[in-house]
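J.: The structure that follows is given in the form of structure tokens.
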Amino acid sequence: MALACSAKKIKSPLPEYQLAWNDEFNGSNLDTSKWAYRTDNKHRSIQRKENVSLSNGALVLDLKVLKPAVQGKNASGAGIVSKRRFKYGYYEVRAKLGDGIDDDKDKKTDEGWHHSFWAMAAVIDEKNEVNTTYPGIRRTEIDCFENPTEHIHDPEQDGLNNFTQHVIIWNENGKEWGRLPKPPTDLLKNKNFNAGKWHIYGFEWTEKEIRFFVDGKVTKIADYPADKFVHDELNVWLTAIAANWNRPDQEKSLAQYDYFRFYIKNKF
Ligand SMILES: [Ca+2]
Ligand SMILES: [Ca+2]
Ligand SMILES: [Ca+2]
């Protein structure tokens with residue numbers, strides 16, 4: 001009952017919406033009735049359950065250097081995936097990326113990681129783990145932010161404060177149909193912004209479009225109508241991995257999430 005009462009106090013940031021599902025990450029352990037663990041081996045890292053914890057009212061994803069390498073990877077990332085699937089509504093997190101410490105003293109901070117708050121259909125196994133980002137069922141992938149700490153192939157995307165916001169449309173054959181808005185217009189270059197501080201990131205998904213938000217302001221719009229594209233139900237992912245476009249010499253880092261909240265439109 002306490003949860004229901006506290007949930008009622010959370011007012012929707014968008015008019016005509018109300019809170020439908022949330023996790024404030026205020027406990028001492030991840031609520032595994034709500035979340036599964038991401039445990040894949042992808043790009044430059046393996047993702048591990050033990051890198052996920054709750055501390056000081058936030059979800060913590062620890063990002064570690066592995067010496068010696070494990071399963072061929074010298075870094076371990078982390079992620080959680082909602083057991084519930086969602087569709088139209090407003091999705092929001094409050095997040096702080098990186099530990100702000102230049103652990104390897106090379107004058108770059110928290111290099112080597114790719115942070116993301118995103119939504120895509122997932123397959124959860126009997127161990128409560130998600131071990132692939134390539135499930136055959138995926139059609140819609142909404143990336144509220146894809147945030148590289150650095151990008152070795154594209155100087156435009158380089159840096160924690162530059163990130164992309166888009167929907168990726170997947171065909172039944174597993175191939176990408178395309179992205180909306182189209183690259184490079186999906187790139188958000190955030191002057192005077194510091195993703196290493198707490199910020200609010202969200203997206204509103206309707207039958208017509210997806211509107212992306214940072215700190216309450218609309219930053220990108222994807223024209224994504226249901227009469228043209230398949231809209232499937234989506235699990236929510238909060239993840240960080242060492243991606244192929246990150247530098248291979250990762251340093252210790254982390255990501256923190258104060259909450260995840262999902263709001264639906266009021267019914268009149
Ligand atoms: Ca460094
Ligand atoms: Ca660091
Ligand atoms: Ca919290």
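The values are calculated or read from the model by the stated rules, or taken from the named source; none is laboratory data. Here the structure is a predicted model, which is why all the values come from computation and not from measurement. So basically every Cβ, Gly included, is an ideal-geometry build from the backbone, and we count neighbours across all protein chains shown. Areas reflect the complete protein model, heavy atoms only, side chains present, ligands, DNA and RNA absent. Shrake-Rupley method; radii C 1.70, N 1.55, O 1.52, S 1.80 Å.
J.: Rounded to the nearest 0.05, what FRET efficiency is calculated for Phe229 and Asn173 with R0 set to 22 Å and r the Cβ-Cβ distance?
T.: Numbers: r = 16 Å, r/R0 = 0.71.
Efficiency computed from Cβ-Cβ geometry: 0.90.
J.: Next up: Excluding Gly98 itself, calculate the net charge of residues whose Cβ lies under 13 Å from the Cβ of Gly98, where each Lys or Arg counts +1 and each Asp or Glu counts -1.
T.: Numbers: positive: Lys96, Lys108, Lys197, Lys252; negative: Asp62, Asp99, Asp102, Asp103, Asp110, Glu111, Glu150, Glu251.
Overall, the nearby charge balance is -4.
J.: Could you tell me which of rounded, prolate or oblate describes the stretch 31-142, using a ≥ b ≥ c as the square roots of the eigenvalues of the alpha-carbon gyration tensor, with rounded for a/c under 1.5 and, failing that, prolate when a/b is larger than b/c and oblate otherwise?
T.: prolate
J.: Give me the distance in nm between label points sitting 7 Å out from Cα along the Cα-to-Cβ direction at Lys11 and Asn41, one decimal.
T.: 5.1 nm
J.: Please tell me which of these pairs span more than 22 angstrom C-alpha to C-alpha: Lys49/Lys105; Lys49/Lys87; Lys87/Lys220; Lys49/Lys189; Lys105/Lys252?
T.: Numbers: Lys49/Lys105 28 Å; Lys49/Lys87 27 Å; Lys87/Lys220 19 Å; Lys49/Lys189 32 Å; Lys105/Lys252 11 Å.
Result: Lys49/Lys105; Lys49/Lys87; Lys49/Lys189 exceed 22 Å.
J.: Compute the signed sum of charges (Lys and Arg +1, Asp and Glu -1) over the other residues within less than 13 Å, Cβ to Cβ, of Ser53. Please report the intermediate quantities before stating the final value.
T.: Values: positive: Arg48, Lys49, Lys64; negative: Asp31, Glu50, Asp62.
So the surrounding residues net to 0.
J.: Taking a threshold of 20 Å on the Cα-Cα distance, which of the pairs Lys42/Lys228; Lys64/Lys96; Lys9/Lys265 fall above it? Please report the intermediate quantities before stating the final value.
T.: Numbers: Lys42/Lys228 31 Å; Lys64/Lys96 17 Å; Lys9/Lys265 17 Å.
Over 20 Å apart, Cα to Cα: Lys42/Lys228.
J.: Per-residue counts of other Cβ atoms within 10 Å, averaged by peptide: what ranking do you get for 234-244, 25-35, highest first?
T.: Numbers: 234-244: 23.5, 25-35: 14.0.
Top of the packing list down: 234-244, 25-35.
J.: Using 0.36 nm per residue, how much length does the chain from Lys217 to Asp104 gain when fully extended, once their Cα-Cα distance is taken away?
T.: On the way: separation 113, 0.36 × 113 = 40.68 nm, distance 3.56 nm.
Here the segment from Lys217 to Asp104 would lengthen by 37.1 nm.
J.: Where a ≥ b ≥ c are the square roots of the eigenvalues of the C-alpha gyration tensor, would you call the chain rounded, which needs a/c under 1.5, or, failing that, prolate if a/b is larger than b/c, or oblate?
T.: Rounded.
J.: About the Cα centre of the chain, what is the dipole size in debye to 20, counting +1 per Lys and Arg Cβ and -1 per Asp and Glu Cβ, all else neutral? Intermediate results must be reported in sequence, preceding the final value.
T.: On the way: 40 positive and 39 negative charges, 113 e Å.
Once rounded to the nearest 20, the dipole reads 540 debye.
J.: What part of the accessible area of the chain, given as a whole %, is carbon or sulfur when the probe is 1.4 angstrom?
T.: Values: 6430 of 12780 Å².
Taking all protein chains in place, the chain shows 50 percent carbon and sulfur surface.
J.: Starting from the Cα of Lys197, draw a straight line to each of the aspartates and glutamates and keep only those under 13 Å, dropping any in the same chain fewer than 8 residues away.
T.: Reachable aspartates and glutamates: Asp99, Asp215, Asp258.
J.: Using a cut-off of 10 Å between beta-carbons, work out the net charge of the residues near Asp186 (Lys and Arg +1, Asp and Glu -1, Asp186 not included). Write out the running numbers ahead of the final one.
T.: On the way: positive: Arg179, Lys182, Lys220; negative: Asp143, Glu146.
Result for the neighbourhood of Asp186: +1.
J.: Where only protein heavy atoms count, and the probe is 1.4 Å, what is the accessible area per residue for the stretch 16-265 in Å²? The partial results should precede the final answer.
T.: On the way: 11000 Å² over 250 residues.
Per residue, the stretch 16-265 has an accessible area of 44 Å².
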